[in-house]
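Undergrad: The structure follows.
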Amino acid sequence: MLAFLDGSTESASADQVAEALGERVGRVAYHLKTLAQGEVLEPVQGIATEDPQQTHYGWALNVEPEWLRVVLEVWAEAEVGGSGTTAHR
């Protein structure tokens, strides 16, 4: 999510996010789809890959970056503050 905020990426596939996080693709794909259901992300076609002959699908930010930044800051503060609510991991 931070890569969307700092402008270093416009879209990413579940494979790319999973590799960056060191997580399983299935787990990452589930969470990306959940964010899409909440209209935070939107599906996009034709993201850049090493093989120009293949069409790949990915996800792009579907909200204003500043809105997402505020949500992430509030979530981080809640985690640090020990509000008793934790994100599902």
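The values are calculated or read from the model by the stated rules, or taken from the named source; none is laboratory data. The model shown is predicted, which means the values in this text are computed figures rather than measured ones. Cβ: placed from backbone, ideal geometry, glycine included. Neighbour counts: every protein chain shown.
Undergrad: Taking the range 53-63 as the region of interest, how many residues are touching a strand residue (DSSP E or B) at 6+ places or on another chain (Cβ under 6 Å) and at pLDDT 85 or above? Show your work before the answer.
TA: Just the residues of the range 53-63 that are touching a strand residue (DSSP E or B) at 6+ places or on another chain (Cβ under 6 Å), to begin with: 57-60, 62.
Filter again for at pLDDT 85 or above, leaving 58-60, 62.
So the answer is 4.
Undergrad: Would you mind telling me which numbered condition in (1) surrounded by 13 or more Cβ atoms within 10 Å (Cβ to Cβ); (2) modelled with pLDDT of 85 or more residue 72 fails?
TA: With (1) surrounded by 13 or more Cβ atoms within 10 Å (Cβ to Cβ); (2) modelled with pLDDT of 85 or more applied to residue 72, the lone miss is (2).
Undergrad: Which of the following residues is modelled with pLDDT of 85 or more and more than 11 Å from the chain's Cα centre (by Cα): 50, 66, 79, 42?
TA: Testing whether each residue is modelled with pLDDT of 85 or more and more than 11 Å from the chain's Cα centre (by Cα) leaves just 66.
Undergrad: In the range 11-37, which residues are touching a residue at least 24 places away in the same chain (Cβ under 8 Å) and more than 14 Å from residue 57 (Cβ to Cβ)?
TA: 35 - this is the single residue of the range 11-37 that is touching a residue at least 24 places away in the same chain (Cβ under 8 Å) and more than 14 Å from residue 57 (Cβ to Cβ).
Undergrad: If you scan the range 20-32, which residues turn out to be loosely packed, with under 14 Cβ neighbours inside 10 Å and either at pLDDT 90 or above or in contact with a Pro (Cβ under 8 Å, 6 or more places away or on another chain) (or both)?
TA: Of everything in the range 20-32, those that are loosely packed, with under 14 Cβ neighbours inside 10 Å and either at pLDDT 90 or above or in contact with a Pro (Cβ under 8 Å, 6 or more places away or on another chain) (or both) turn out to be 22, 24, 26, 27, 30.
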